[in-house]
Amino acid sequence: MLVYAARRILGMVVVLFAMSAVVFAAIHLLPGSVAHMVLGEYATAEAVAALELKLGLRDPILVQYWRWLSGVLRGEFGQALSIDQPVARLIGGALERSAALGGMSLLLVAIMGIALGIHSAVHRGSLSDRVLTMMQYTLIAIPEFFWCTVAIIVFAVWLGWLPATGYTPLADAGLLQWLRHLILPVVCLSLGLTAHVSRMVRSSMLEAIESRYVLAARAKGVPERLVLLRHALPNAMLPAITVLAIDAGILIGGIVVAETVFSFPGLGSLLMYAIQNHDIPLLQAGMLVVTAVYSLATLAADLASAMLNPRIRLGAAH
Amino acid sequence: MTAVAQKRRRRHVPLILVAGAAIVVVMVLLGLIGPWIAPYDPTMFAVRSRMQPPSGLHWFGTDEFGRDVLSRILAGGYYSLAMGFGATAISLVIGVPLGLIAAFYRGWVDDVIMRIIDLMISLPPILVGLLILAVTSPGLGKTIVAVGLVYVPIMTRLTRSVALSVLAQDFIEAAAARREKTVYILWREVLPNVWPTIIVEASLRITFAILLGSALSFLGLGPQPPASEWGLMIAESRPFLDRAPWIGLAPGLCLCVLLVAVNFVGEGLRDLLDPRMQGRGHG
Amino acid sequence: MADALLDIQGLSLRYATANGSVTALDDVSLAIPRGGAMGLVGESGSGKSSMLLAMLGLLGKGAAVTADAARFDGQDLLKVAASLRGRRIGTVFQDPSAALNPALTIGVQVAEPLTLHRGMNWREAMERAEGLLAETGIHDPAAVLKAYPHQLSGGMKQRAVIAQALGCEPDLLLLDEPTTALDVTVEAQILDLLDALRARRGISLLLVSHNLGIVDRICDDLTVLYAGRVVEQGPCARVLAGPRHPYARGLMAAMPVISHAKQRLTSIEGNLPDLTVVDPGCNFAPRCPFAVPSCAEPQALAGEGDHRVRCHRAAQTATLPWPEQKNEAPASTEATPERRPLLEARGMSRRFAGHGGLWRSLDWRGGWPKLAPRKSVVAVDDVTIEVRSGEVLGLVGESGSGKSTLGRLLLRLVPADAGQLEFGGTEVPLRPSSAFCQQAQIIFQNPDSALNPHHTVQEVLKRPLELFGIAKGAAVGAEIDRLLDLVRLPRSYRTRYPHQMSGGEKQRIGIARALAGRPRFVVCDEAVSALDVSVQAAVLNLLSDLRAQFGLSYLFISHDIGVIAHISDRIAVMYRGAIVQQGEAAQVLRGPHHPYTASLLSAVPVVGSARSQADNRIRLAENPMAAPGEKGCSFASRCPQQLGNLCRTQVPAQRRLSNGVMMACHLPDAQLETVALGLS
């Protein structure tokens, strides 16, 4: 298990290094000079030259990369171009708020998705299973930004129950106010993913229920509730965890969209801001941080399924 | 195999497949001929009829510039379809051959291809799109390419895993025992067995491609105004949600209908073609 | 039966499918006395496994079970089955790897019924589980208790499954093909265990199997099922000594038996009937060589005493010989196989690298990655073998012995690490010519996997014809017809897809494909192992006929020594990558035997002598999973005659015995003679 974990963590580090190079290369090697991107298409040649000199853009690309990477390794992401603030501080605050949003959504998705998936599998073919299946088929396909738009119209504009936009820190406004800003985005983000997760859990649970070992458990006289909980569920959870990790990636996309709609000051909004304002240092750092967060989620999922799977945890015997 | 199993089974075509396919066909037709049957010029400003609610004249109302929302929707359906089908086609064209090659050659070829794929997968899907569209000027073509690239790893992995199981079968060894050429083995022996799975995945992938493409458009990284891409239309309607919700709701609902219908087709095809359900003779 | 523990009368099972209602079991009756053992025998599709599930009440929703009476110890079984499962009726399913939950430890799985039905707490239950594992012959029960299924060998897993079925001291043990997934030497150990349990605990058994030898070894009574109906029932010894229903007779005569190795096998033509249509008469009549019009009348299970047969003509047909099969091969040239070697392999070796690429080959022990040499598994180790023109060389060994790899090495389908290969007197390079491929072909085990599901028979056969330049244009059609004639399939099969054919038919197409290029040498890799006995007989006969007709040479690979004995001129015995013994078939079977060959031969339960044979069985040394030493004899760790240091440290050289048999064993000749069997 330790060997496996060590291997996976080392793999993640390798991936992050590779991603830092890809992000950097994409921004610096693709057509269009960085200085033009920052200053706009109609900048004067002098202005471009001055900026390139200031940002060290005339150095060889590898030198630039090393300068950036060594900074990142020391925890220094530099100064944002469009606002006079250190990138690290901007990202730190945004990450915290996005993490609250993403964490709550993922938790909701996991609980609801797994519960509904198990329910559907156990009651396969029943009315509730068929209704849930149709809902899953439908909800998977509806984009978050549609839900966000509808939610604002209904709950903020028409009913006026919840705020349409913004964010209040937990420390300032208290739990209730903090939650009021989070409810709509969290629910909007969770609908599609819950459908997806419950669908996957249903099929892996069905596979477990139809397996020989479940038949064998029934032949041992194990009561049906224990057959499901003790014999089928642990095996059905393995694929569910993998699906949750994949959905964490989709969730990140949803967060970018939802933060934009709800004007939520998180990492997604910050990334969009960096793109719109051509703030290269901010963009590079933001992308790297998002990738790192996603890698960590994948790593956590891998380790969790390794814990659940004796084949990986103990290694094959022969 | 018993005599029962020898009768060719007539598979039951799922209802959702029929319903979904019917809607998709209608929406594709509307998307293709939409610009010509639109009641108004979708780009024509009419300051005097700004933000009019739905009526007999303007079924879906008008937007903040007085443009007819229905006409804009009809003119913009094409974008979603192009993103869905185009991006899926790109992921197929790149992903399927890569998967086949990795599965067939194994060894270092497999290692190299799959490590690159792992790397691509370790980036959350939206970041690939953001990265590409942040550094180039946005547009329909680039959105399609970005979304297509996002789904290449999925196609490669799927093709590889199905191809590996096909390649482990004895009829492949029988072909090797005849010294068949690689191209023959991949094209005639492997591909026909891989297709059903790929078609199902591709049809499901179209839904996600439209989803991601319209999300990127919504973020302003797709087709640029005055294009009436539906995601973009929703984004542009946001300042007027309180006064004129129909500007955003109408394209939103159209997008949902299209996506749900496409997804129904995909799920229906899966029910129909699921490789696990395919009739292989057993005792 | 008055004192019967289990008494089932007229049980029927129907379930709904897309094609209509299937009658899987029709009026099945059987009774087991306390302490008795009943064998339920039939081929696939006979409904024998459904019978167990019907008794347990574990069939899915769509299944309708009815019975005139179903009594278990006086209770109505169909009503109370749920309360008997795991308490008074224990069950052992076929494949222990599938029947054990991969996510739970063996201990939890064995102890679970005790906690549920005996009210024990987990600690008591675990202690009891340890005792149960010990009782089933597991040597380190405390360790196995904590192990997960994937850490155990197949035989150990099946012992654990039996232990969990025994926990609540059931009166009846249901066994569904309990040894089918196991090697024959392990199978023999499990059968010993079942026998011992019966004697010790007085437990009743219902054993479902396709293998008559196993049933004869374990059971008192026998029920033969055909397509959901009991066709013959009675005491094991009497039924097997003189089967009276034509189906049971055919089944017996279809089994290859070591003692009558060269007898032509009986095969039963045709396929199982369509179970969606209930045939009021005898449902075997369409395949029966003795059928007459009156067979369409309903038949009753009748007979004197306890030996009952569902055939109104049983008395008349019992004395009739089984009619000769049609399509007999033309004049046989079998009598004089040429002695000239066709294929010679010297020093063939093949290792397989461990899993994973460079990444996995990093060694993490000691906390810091080191590049370690990859672990590799020896599949074939320095094998020298020859196949002569027109002869069948049988290659026998258990799973993982490397026999399939050796077959592929001889065809150059797997590149050899070392060794030379000569075919027809010329060296075959690692990348052989098309001419070699045309002459050396292969037939596979699994008919489902051997044919591409998307190609018609015509497409399958056309390809090699064109590739090897056998026929072009219009001649192709004629050649395909000729091939279909050869394998005795109707010409109309040209347009069929694999899923439109039965397993035996698919296997014939596989044979036709191998023969299309008119080869001289064919590797038959477990070519009949996936087939039912009656179909297996037909395919074996076909292979014999084709070999006689064309003077083919076969390398016939099988784990089944009965099949090997039936078809082979010479036999090679393989153990862990090495040939331990090879020679003329009769000599190898008669002895002296290599200790491994002896254990293999003694492990096969043979109908008629299974009991007595079990008493004389050669038992392998304990701890069969002990890793073989890098040096020394690969069989040393299991060998009952092991000589100690010599066997463990030196690889025995091949030497020729006085009867011409090659033997790789350190035992002196005189001692080899004592590795006796009582089989001749």
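The values are calculated or read from the model by the stated rules, or taken from the named source; none is laboratory data. Quick caveat, the model's predicted, so the values are computed rather than measured. In this analysis, Cβ positions are derived from the backbone assuming ideal geometry, glycine residues included, and neighbour counts consider all displayed protein chains.
Annotations for the structure displayed:
- A single member of C:Ala54, C:Ala31 is touching a Leu at 6+ places or on another chain (Cβ under 7 Å) and surrounded by 22 or more Cβ atoms within 10 Å (Cβ to Cβ), and it is C:Ala54.
- Within segment B:102-145, the set of residues being surrounded by 19 or more Cβ atoms within 10 Å (Cβ to Cβ), touching a residue at least 24 places away in the same chain (Cβ under 8 Å) and not hydrophobic (A, V, I, L, M, F, W, C) comprises B:Pro125, B:Gly129, B:Pro138, B:Thr143.
- Restricting A:Gly113, A:Gly102, A:Gly78 to residues that are in contact (Cβ under 8 Å) with a residue 40 or more places away in the chain and at positive phi narrows the list to A:Gly78.
- Residue satisfying all of: in segment A:261-272; in a helix (DSSP H, G or I) and either more than 16 Å from B:Leu133 (Cβ to Cβ) or in contact (Cβ under 8 Å) with a residue 24 or more places away in the chain (or both); nearest to the other protein chains (Cβ to nearest Cβ) among these: A:Val261
- Output for segment B:234-249, where each listed residue is within 11 Å of chain A (Cβ to nearest Cβ), in a helix (DSSP H, G or I) and touching a residue at least 40 places away in the same chain (Cβ under 8 Å): B:Ser237, B:Phe240, B:Trp246, B:Ile247
- Residue check for A:Ala216: in a helix (DSSP H, G or I), within 8 Å of chain C (Cβ to nearest Cβ) and surrounded by 22 or more Cβ atoms within 10 Å (Cβ to Cβ): yes
- From B:Val257, B:Val190, residue being under 26 Å from the mean Cα position of the chain (by Cα), at the interface with another protein chain (Cβ under 10 Å from one of its Cβ atoms), touching a residue at least 60 places away in the same chain (Cβ under 8 Å) and surrounded by fewer than 19 Cβ atoms within 10 Å (Cβ to Cβ): B:Val257
- Of all residues making up segment B:217-230, the number that are assigned to a helix (DSSP H, G or I) and facing another protein chain (nearest Cβ under 9 Å): 1
- Hey, A:Pro223 over 30 Å from A:His28 (Cβ atoms), at pLDDT 90 or above and within 14 Å of chain C (Cβ to nearest Cβ) or not: yes
Residue-by-condition table, conditions (1) within 32 Å of the chain's Cα centre (by Cα); (2) surrounded by fewer than 19 Cβ atoms within 10 Å (Cβ to Cβ):
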position: C:Ala37; (1), (2): yes, no
position: C:Gly42; (1), (2): yes, no
position: C:Ala63; (1), (2): yes, yes
position: C:Thr66; (1), (2): no, yes
position: C:Ala70; (1), (2): no, no
position: C:Gly74; (1), (2): no, yes
position: C:Leu78; (1), (2): no, yes
position: C:Ala81; (1), (2): yes, no
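- Taking residues in segment A:15-27 that are closer than 19 Å to A:Val293 by Cβ, and partners anywhere that are surrounded by fewer than 18 Cβ atoms within 10 Å (Cβ to Cβ) and among the aromatic types (Phe, Trp, Tyr), the pairs with Cβ atoms closer than 8 Å and at least 6 places apart or on different chains are A:Ala21/A:Tyr65; A:Phe24/A:Tyr65.
- In segment A:153-180, the residues that are more than 14 Å from chain B (Cβ to nearest Cβ), of a type in the set (Phe, Trp, Tyr) and outside any loop (DSSP other than H, G, I, E, B): A:Trp178
- Here B:Gly95 qualifies as within 30 Å of B:Ile172 (Cα to Cα), of a type in the set (Gly, Ala, Ser), out of contact with any His (no Cβ under 6 Å at 6 or more places or on another chain) and touching a residue at least 24 places away in the same chain (Cβ under 8 Å).
- Reported count of residues in segment B:103-143, each being away from chain A (no Cβ under 11 Å) and closer than 30 Å to B:Val183 by Cα, is 13.
- Meets criteria (modelled with pLDDT of 90 or more, surrounded by fewer than 24 Cβ atoms within 10 Å (Cβ to Cβ) and more than 14 Å from chain A (Cβ to nearest Cβ)) for C:Arg123: yes
- Residue among C:Gln549, C:Gln581, C:Gln587, C:Gln536 that is of a type in the set (S, T, N, Q) and in contact with a His (Cβ under 9 Å, 6 or more places away or on another chain): C:Gln581
- The sole residue among B:His58, B:His12 that is assigned to a loop (DSSP other than H, G, I, E, B), exposed (fewer than 14 other Cβ atoms within 10 Å of the Cβ) and of a type outside the set (A, V, I, L, M, F, W, C) is B:His12.
- Applying the criterion of at least 2 residues that are more than 8 Å from chain B (Cβ to nearest Cβ) and modelled with pLDDT of 90 or more to the helices (runs of 4 or more DSSP H) found wholly in segment C:388-473 leaves C:403-410, C:434-439, C:457-467.
- Of the residues making up segment B:20-52, those that are outside any helix (DSSP H, G or I) and surrounded by 12 or more Cβ atoms within 10 Å (Cβ to Cβ) number 11.
- Only residues that are of a type in the set (Gly, Ala, Ser), modelled with pLDDT of 90 or more and out of contact with any Gly (no Cβ under 9 Å at 6 or more places or on another chain) were counted across segment B:169-222, and they come to 3.
- Residue within segment A:257-272 that is surrounded by fewer than 24 Cβ atoms within 10 Å (Cβ to Cβ) and within 21 Å of B:Ser122 (Cα to Cα) present: yes
- In segment C:205-235, residue modelled with the lowest pLDDT [restricted to those that are assigned to a loop (DSSP other than H, G, I, E, B) and among the hydrophobic types (A, V, I, L, M, F, W, C)]: C:Ala227
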